[in-house]
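Colleague: Let me give you the structure first, and then I'll get to my questions.
The values are calculated or read from the model by the stated rules, or taken from the named source; none is laboratory data. Only a predicted model underlies this, so the values are computations on that prediction, with no experimental measurement involved. Backbone-built Cβ (ideal geometry, glycine too); neighbour counts: all protein chains shown. The protein model used for the area step is the full one, side chains on, heavy atoms only, and it has no ligands, DNA or RNA in it. Shrake-Rupley method; radii C 1.70, N 1.55, O 1.52, S 1.80 Å.
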Amino acid sequence: MYSPAAATSATTISTPTLDAESHAFLQSITSHGGYAYARMATLAAAGDQRAAEAARDMAWEQLHSGPWHSVLPVWRDAYSMACLHVAKFHFSNGEFIDALRALDMGILMGGPLFRKDLDSAIEVVSGAKARQYHNEGADPDNESREKDGSRWLVCPEEFDKSKVQQILPIRSLSSKIVGKRSALSLEGFLREYFLSGSPVILTDCMAHWPARTRWNDMDYLRRVAGDRTVPVEVGKNYLCSEWKQELITFSQFLERVQSDGCRSKVPTYLAQHQLFDQINELRKDISIPDYCYAGGGELRSLNAWFGPAGTVTPLHHDPHHNILAQVVGKKYVRLYSVSYYEELYPYSETMLKNSSQVDLDNIDDVEFPKVRDLEFVDCILEEGEMLYIPPKWWHYVRSLTRSFSVSFWWSDCGSSTVS
């Protein structure tokens, strides 16, 4: 029988940054009015679990005291510190799922000061939980999922191109299709596409990624990430009034992905999240494409896009070079040249100035008369393909099946850092 004590005797959560910085940090938080927090954090360090939870609640209240940009950075670090204390207590009690949730919340909502401690703690807790899983035996439902196909994220028979055509924006796949190049050299990519700022589909570039098979396996995803907490978007897209964000476990998210289309008309989407900074096991399943070193710049952002069929990223543009790698499933992508700006009616608000007011799924010809006749290129991005999207090119993306994609943003040597 598995004993939590056996796991904790084998390894403990080490927090070198917390141990070294705690005194100075609590002085800093006190100077910002956090006297009660400092007292609770001190009691937590001395072994008081209730004090740790109280400190976390105090920091949480400060994080929600106003707009996110107005929150003092010291309170974000205070929240991370409290999450570490809470996680330590859960771990010592053998409550590994609760410990992981506390640590994930520290990563998602906290500051950078204690990030290394949070990451190393997650490795320890995940290792203990994996040993628990091994000792308790394999999932008894695995065989039945294998037989009925529910184990797989995407099955080949899910895609019907004739039906898909009916739900795509007007004129889709009837104009110019994005060209494909197989195993294109870095030099060829630089010369023919990067320097001219032209989109291209790159094939035969990620067959060696473990993700190509592992991420289609729901059991694998549950095993390596099921108990981790992730942010998701709920609603048609971020431009719609009913859109919202939630924090749920990865297993809960997978259940929603499987059920969408059956019970819910409101999709749940894990969109533009730095999942691979958070869950190292998934990061090991992919590699940075050599193309991302074109221009002598550096990688700026590595994001996950994971959700059911029907998720839409509305028409917008991004500031950096982008390779969208389609690991599992298929997506429709439409691109408009960087030369179009006024013709695509961008929002005037600062936060949305890179997004178009035009809903390609339902174009209002009276309000946006210039759009319908604009030239564009589009494609169905197939599993195992990468799409290069040059900076400032407008793009609209729709998942045609359940889909798991990775976007690699990088800058050339003259670009500024992503904020």
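Colleague: Give me the 1.4 Å probe accessible area per residue for the range 217-291, excluding ligands and nucleic acids, in Å².
Modeller: Normalised by residue count, the accessible surface of the range 217-291 is 46 Å².
Colleague: Determine ³J(HN,Hα), in whole Hz, for all residues of the range 216-227 in sequence, where each value follows from phi through the Karplus function 6.51 cos²θ - 1.76 cosθ + 1.60 and θ = phi - 60°; x replaces Gly and Pro.
Modeller: 3J(HN,Hα) across the range 216-227, in whole Hz: 8, 9, 4, 5, 4, 4, 5, 5, 8, 9, x, 8.
Colleague: Here is a further query. Given R₀ = 22 Å, what would the calculated FRET efficiency be for Ser150 paired with Val266, taking r from the Cβ atoms and rounding to 0.05?
Modeller: For R0 = 22 Å, the calculated efficiency reads 0.55.
Colleague: Sort the following peptides by mean Cβ neighbour count (other Cβ atoms within 10 Å, averaged over residues), highest first: 172-185, 41-54, 61-74.
Modeller: 41-54, 172-185, 61-74
Colleague: Per residue of the range 78-84, in order, report the coupling 6.51 cos²θ - 1.76 cosθ + 1.60 (Karplus, θ = phi - 60°) as ³J(HN,Hα) in whole Hz, putting x for Gly and Pro.
Modeller: So the J values, rounded to whole Hz, are 4, 5, 4, 4, 5, 4, 4.
Colleague: Estimate the FRET efficiency between Asn362 and Glu382 by the formula 1/(1 + (r/R0)^6), using the beta-carbon distance for r and 22 Å for R0, to the nearest 0.05.
Modeller: Once the sixth-power term is evaluated, E becomes 0.25.
Colleague: How big, in percent, is the set of alpha carbon pairs in the range 297-419 lying more than 25 Å apart?
Modeller: 25
Colleague: If you don't mind, another one. Would you work out what percent of the accessible area of the chain, with all protein chains in place, is carbon or sulfur (probe 1.4 Å)?
Modeller: Carbon and sulfur atoms account for 50 percent of the accessible area of the chain.
Colleague: Of the listed peptides 388-399, 200-211, what is their order by residue-averaged count of other C-beta atoms within 10 Å, with the highest listed first?
Modeller: Ranking the peptides 388-399, 200-211 by packing returns 388-399, 200-211.
Colleague: By how many degrees, between 0 and 90 and to the nearest 10, does the Cα long axis of helix 250-259 differ from the longest principal axis of the chain?
Modeller: 40
Colleague: Given a 1.4 Å probe, how much area per residue of the range 362-403 is accessible, in Å²?
Modeller: 38
Colleague: Assuming 1.002 mPa s and 20 °C, estimate D for the range 220-303 with Stokes-Einstein, Rh taken as the Kirkwood radius over Cα pairs, in µm²/s.
Modeller: 146
Colleague: As a test of understanding, state the convex hull volume per residue of the range 31-142 from its alpha carbons, in Å³.
Modeller: Measuring per residue, one finds 118 Å³ for the Cα hull of the range 31-142.
Colleague: Here's another thing I want to ask about it. Summarise the long-distance tail of P(r) for the range 318-372 by giving the % of C-alpha pairs beyond 16 Å.
Modeller: 55
Colleague: Per DSSP H run of n ≥ 4, the term is -39500 (n - 2.57); total these for the chain, divide by its residue number, and report the mean residue ellipticity at 222 nm rounded to 500 deg cm²/dmol.
Modeller: It comes out at -11000 deg cm²/dmol, rounded to the nearest 500.
Colleague: Would you please give the residues with an amide H less than 5 Å from that of Gly297, counting only those at least 5 places away or on a separate chain, with H modeled from the backbone geometry?
Modeller: Cys413
Colleague: For the chain, what Kirkwood radius comes out of the mean inverse Cα-Cα distance, in Å?
Modeller: For the chain, inverting the mean 1/r across all distinct Cα pairs yields 23.5 Å.
Colleague: While we're on this one: With the other protein chains left in place, how much accessible area per residue, in square angstrom, belongs to the range 1-118 at a 1.4 angstrom probe?
Modeller: 50
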